[in-house]
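Worksheet: one structure, shown below.
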Amino acid sequence: MTYIRILEFANLRERPEGAWHTREQGGGAVLVQRGDAPLPPADDEARHAVTVWNGVRLWQCGSDRRGSMVFILKYPVPCEFHDEFDAWLRHEHMPMLLEEPTWYGCQFFRALGGSRHSFAAVHELEPQALTSDARNRSVDTPWWHRLKRHDWFDKAFTRARLIAVAKRP
């Protein structure tokens, strides 16, 4: 299994050890921690975080190739929609996105512990993938429009376009 912790900060911390990213727009920084076993309790660094989200990977698709951008979305999916949301993402949305050659892959996580956001998707891509024909088609299907009627689907989710921070010497 793969575990993830997403720590969001108002500013980039002084010691950028680990997988630090900056937001493409809006400032702030994000630290993504991963492990093959449950992650230990968050260290002192986490007390400076604006938000901390922990999850376990349910599935992944595409390749393991890293993009110049990481696109993280967190969704507050109500329990009664978990199956439909998962089916839409796996069987329609992601296959359509992966038709774009610069949309490399996605890992999909379920929250561990209490969280307003029950799921997170971590995409690896190049910036142009977000404006591609494949992406535009993926958000204009009957299934997508049916889910879009729910506030949790189209209005209450969070997204972050992230660019990796170069490691300091």
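The values are calculated or read from the model by the stated rules, or taken from the named source; none is laboratory data. All values reported here derive from a predicted model rather than from experimental measurement. Note: ideal-geometry Cβ built from the backbone for every residue, glycine included; neighbour counts use all protein chains shown.
Set side by side, the residues His93, His82 differ, and just one is under 29 Å from Lys155 (Cβ atoms), outside any strand (DSSP E or B) and either touching a helix residue (DSSP H, G or I) at 6+ places or on another chain (Cβ under 8 Å) or of a type in the set (Phe, Trp, Tyr) (or both), which is His93.
The one condition from (1) under 22 Å from Cys106 (Cβ atoms); (2) hydrophobic (A, V, I, L, M, F, W, C); (3) surrounded by 14 or more Cβ atoms within 10 Å (Cβ to Cβ) that Met1 does not meet is (3). Within this structure, Arg168 fails the test of being touching a helix residue (DSSP H, G or I) at 6+ places or on another chain (Cβ under 8 Å), within 24 Å of Leu7 (Cβ to Cβ) and at pLDDT below 95. Scanning region 123-137 for residues that are out of contact with any Ser or Thr (no Cβ under 9 Å at 6 or more places or on another chain) and under 23 Å from Ile6 (Cβ atoms) yields His123, Leu130, Arg135. With respect to being acidic (Asp, Glu), more than 15 Å from Asp86 (Cβ to Cβ) and buried (at least 19 other Cβ atoms within 10 Å of the Cβ), Glu126 falls outside the description.
One residue stands out in region 129-164 among those that are crowded, with 17+ Cβ neighbours inside 10 Å and assigned to a loop (DSSP other than H, G, I, E, B): the one that is farthest from the chain's Cα centre (by Cα), namely Ser132. Evaluate the following for Arg161: is it of a type outside the set (S, T, N, Q), closer than 24 Å to Val32 by Cα and modelled with pLDDT of 95 or more? In short, no. If you take the residues of region 4-39 that are of a type in the set (Asp, Glu) and at pLDDT 90 or above, which of them is surrounded by the fewest Cβ atoms within 10 Å (Cβ to Cβ)? The residue in question is Asp36. From the list Gly67, Gly27, Gly62, Gly18, the one residue that fits, being touching a Gly at 6+ places or on another chain (Cβ under 9 Å) and on the phi > 0 side of the Ramachandran plot, is Gly62. Among the residues of region 40-68, the ones that are over 14 Å from the mean Cα position of the chain (by Cα) and hydrophobic (A, V, I, L, M, F, W, C) come to 4 in all.
Do we find that Ser118 is under 20 Å from Cys61 (Cα atoms) and more than 15 Å from the chain's Cα centre (by Cα) in this structure? No: the conditions fail for Ser118.
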